[in-house]
Each structure stands twice: as C-alpha cells, then as structure tokens.
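Rule-based calculations on the coordinates, nothing more; no lab input. This structure is a prediction, so every number in the text was calculated from the model and none was measured. Cβ sites come from the backbone with ideal geometry, for glycine too, and all protein chains shown count toward neighbours.
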Amino acid sequence: MALAGFVGVPGFLTLKRPVQAECLVVEGWVSDYALEFAAKEFRAGQYRRLYTTGGPLTKGSFLSEYKSNADIAAATLGKLGLGTNIVVSVPAPEVKTDRTYASAVALRRRCEERGEQLTAMNVVTIGPHARRTRLIYQKVFGKGVQVGVLAVPEADYEPSRWWRYSAGWRDVIGESIGYLHARLVL
C-alpha cells in the first residue's frame, strides 16, 4: 500500500490545472519541446501576452548573446513565430536557492513597475515541478490573481515508470522536498 502511494507521487506533483487567463508564463529553463508546447498553447488560447522568466545563465554565458534563461526562451519563442510585441523576457536576479520564487518576484515587480494588472495566469513548466511552481506563483501574486499551471510531460524518462530511471528518482525526490520547502518555508 505504501509502495503504491510512493509510486503515485509524480501524479500529485505533475499538476495540470489551467485557468482562464490572458497571460501565459513560461519558465525559461525548460527544454525546447516545452517551449514548442507553450507556443501552441499561446496560439490555441485567449492569451494576449507571454512572459518568459528565469535567472542568469550558469553555463555558456560567455559564448551566448543571451544572458538569462528568460532571454533564451523569449528568443526561441520568437523563432517559433511569436512576435516581440507578444513575448516579454523577464530575467530574474542570480540567487543560490529558490530560483522559481525569484522568477515569480521578478515578474510581479515588472508588472507593478509598468502598471500591468494581472488577474489570471497560466504557468508552463516541466513534469513534477508543476505543483511547486503553482504554489510559489500563487504565494508571490496573492489571492487576487488566479494561477493555473500546465505541466509538460518529462522527456528524460517515462513518467509512468519514473522509478526505473535515475533522472526520475532525482526529479521526484527533489521536487517532493522542494514542494515541502515551498509549502512550509516560503
């Protein structure tokens, strides 16, 4: 019985609960296939703006014209046909911990500085990171903003058989701990 519950943890973490929103947010660190999903979601939905978030590059920044994950995601979405009048890069500051929190705060500050009033948003992320992402964005934006989440399935392993892959173990255990941390500490 306990084993079945443990095996089912990714189902709890991999939340797919969108809301009706005019704003789509994409975590900039996600893989290209998740950015393709975000572009399709944007086109299919009633969205007017797409924000990309993320901190500074930790690898390859000296070789890249882009300095943050948010910038790379925005450029990629541009190559996927979304215009610069739609996609807005919102880089977060460099932090050692709580990168998703720092990204959510950067987005909230950007909206406040420009007088943009968000009432609802959907955040695109990968697999088991989804429940924590939704929780953090909800805490940062408060009860006045509806936060939905769209979890793109993990491509590094079969989500239904996650325990057979070392990447699955790292994701599920790490995200379980991260979710508890966000729930109790942030």
Sorted by Cβ density within 10 Å, fewest first, the residues H129, H181: H181, H129
Mean ellipticity per residue at 222 nm, deg cm²/dmol - from DSSP H runs of n ≥ 4 across the chain, formula -39500 (n - 2.57): -13500 deg cm²/dmol
Dipole in debye (nearest 20) - segment 35-186, about Cα centre, beta carbon charges: Lys, Arg +1; Asp, Glu -1: 320
Gyration tensor (alpha-carbon) shape descriptor, segment 19-64, a/c threshold 1.5: prolate
Residue of Y33, Y101, Y137 that the Gaussian network model of the chain assigns the largest fluctuation, springs spanning Cα pairs under 10 Å: Y33
Residues R164 and K139, FRET efficiency given R0 of 25 Å [Cβ-Cβ distance, rounded to 0.05]: 0.15
Gaussian network model of the chain, Cα within-10 Å springs - most flexible of A44, A34, A92: A44
Antiparallel DSSP beta bridges within the chain, as percent of all bridges there, nearest 5: 10
Taking segment 1-143 and dividing mean pair separation by its residue count, relative contact order in percent (alpha carbons under 8 Å, at least six apart): 33
Other-chain or far-sequence residues with amide H under 5 Å of G28's (modelled H): T53, G54
Estimated distance in nm for a label pair at V95 and S31, the labels positioned 7 Å out from Cα along Cα-to-Cβ: 2.6
Paramagnetic label zone (point 7 Å from Cα along Cα-to-C-beta, K67; backbone N under 15 Å) in segment 18-59: 54-59
Test item: Cα-centred dipole of segment 109-163, Lys/Arg +1 and Asp/Glu -1 on Cβ, debye: 260
Most mobile of L118, L63, L80 in a GNM of the chain (Cα contacts under 10 Å): L63
Residue-count net charge about C23 - beta-carbon cut-off 11 Å; Lys, Arg +1, Asp, Glu -1: 0
For the chain, projected area of the alpha-carbon convex hull averaged over all directions, nm²: 11.2
